[in-house]
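Heads up: the structure comes next, in structure tokens.
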Amino acid sequence: MNTLNPSLLSSFVPTGTLRVGINLGNPLLASLDGNTGGPKGITVDIANYIATKLQLPITFTCYPMAGATVEAVKSNEVDLVFVAIDPVRGADISYTPAYIQIEGAYMVKDSSPLTKNEDVDAAGNEIVVGKGSAYDLYLTREIKHASLLRSANSQAVVDDFMKGIGNVAAGVKQQLESDALRYDGLRMLPERFMVINQAIGIPKARVDFEKINVYLSSVIQELKTSGFIAEAMLRHQVQGAKVAE
């Protein structure tokens, strides 16, 4: 599909302006521009490409965490969002294939006896996660013995951890490593505990959402094949992630 017919376009963009929800909870994908105050990043580049391709005006609404972004698209505040693929969210959101993959990892204090991921899920351990994040949803399903403690958002995880909350911090590997530079005495556990697949999401409540998803999926494939995603990662200095296969 190279374009959307008028009926599909009206369902996808009912206001005539492409309204995009941007999750600021993952700085690898989006952040605020210090000069303009507006959002910048891979997700912004993709959204602008779609708007240009469909010859539509575009507006951005920024949210502090993934959960708020998801609620925005479910309540029809925005037309599309960029979030991690997750089966819980998938009840209301239709996903394109992933455009980028990010690693989830654990961090502990140097004094911790934990040395590998398999040590984490044990009675008495408390894992600090960003509320409503992809890894919160994943760990909620997978953790059987340890407890989860939820910070207000992903950016607060390391600060809460250093205040004495929990004995393991969980999150996007690159963000944990970046936050850890502000403190001494922290180390990452080797290997990832999950791969986070980031995709475009649209509300299933829209008429013919399946056909709209087919179109957006073709755009994502085009951007991966052409090198657009890889170039955007270089431009925004995204490290430790890769273009999704």
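The values are calculated or read from the model by the stated rules, or taken from the named source; none is laboratory data. Remember, predicted model here, so these are calculated numbers, not experimental data. When we count neighbours, we look across all protein chains shown, and the Cβ atoms used for this are built from the backbone with ideal geometry, even at glycine. Side chains included, ligands, DNA and RNA excluded: accessible areas come from the protein's heavy atoms. Shrake-Rupley method; radii C 1.70, N 1.55, O 1.52, S 1.80 Å.
A compact table of results
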read-out: Residue count for segment 76-111, restricted to those that are buried (at least 16 other Cβ atoms within 10 Å of the Cβ), part of a loop (DSSP other than H, G, I, E, B) and small (Gly, Ala, Ser); value: 1
read-out: Selection from segment 115-143 of residues that are among the polar types (S, T, N, Q), more than 21 Å from residue 179 (Cα to Cα) and either touching a residue at least 24 places away in the same chain (Cβ under 8 Å) or buried (at least 16 other Cβ atoms within 10 Å of the Cβ) (or both); value: 125
read-out: Subset tally (residues that are open to solvent by 10 Å² or more (accessible area, probe 1.4 Å), farther than 16 Å from residue 12 by Cβ and either of a type outside the set (A, V, I, L, M) or more than 16 Å from the chain's Cα centre (by Cα) (or both)) for segment 54-75; value: 8
read-out: Conditions (1) open to solvent by 70 Å² or more (accessible area, probe 1.4 Å); (2) farther than 30 Å from residue 245 by Cα: number failed by residue 146; value: (1)
read-out: Residue in segment 200-210 that is loosely packed, with under 14 Cβ neighbours inside 10 Å, more than 21 Å from the chain's Cα centre (by Cα) and over 30 Å from residue 4 (Cα atoms) present; value: no
read-out: Selection count, segment 42-55, where residues are in contact with a strand residue (DSSP E or B) (Cβ under 6 Å, 6 or more places away or on another chain) and either in a loop (DSSP other than H, G, I, E, B) or among the polar types (S, T, N, Q) (or both); value: 1
read-out: Residue in segment 101-112 that is of a type in the set (A, V, I, L, M) and under 14 Å from the mean Cα position of the chain (by Cα) present; value: yes
read-out: Conditions (1) part of a helix (DSSP H, G or I); (2) touching a residue at least 24 places away in the same chain (Cβ under 8 Å); number of the one not met by residue 201; value: (1)
read-out: Every pair of residues 6+ apart whose Cβ atoms lie under 7 Å, when the first sits in segment 160-171 and is farther than 19 Å from residue 192 by Cα while the second is of a type in the set (A, V, I, L, M, F, W, C) and open to solvent by 20 Å² or more (accessible area, probe 1.4 Å); value: 165/149; 166/149
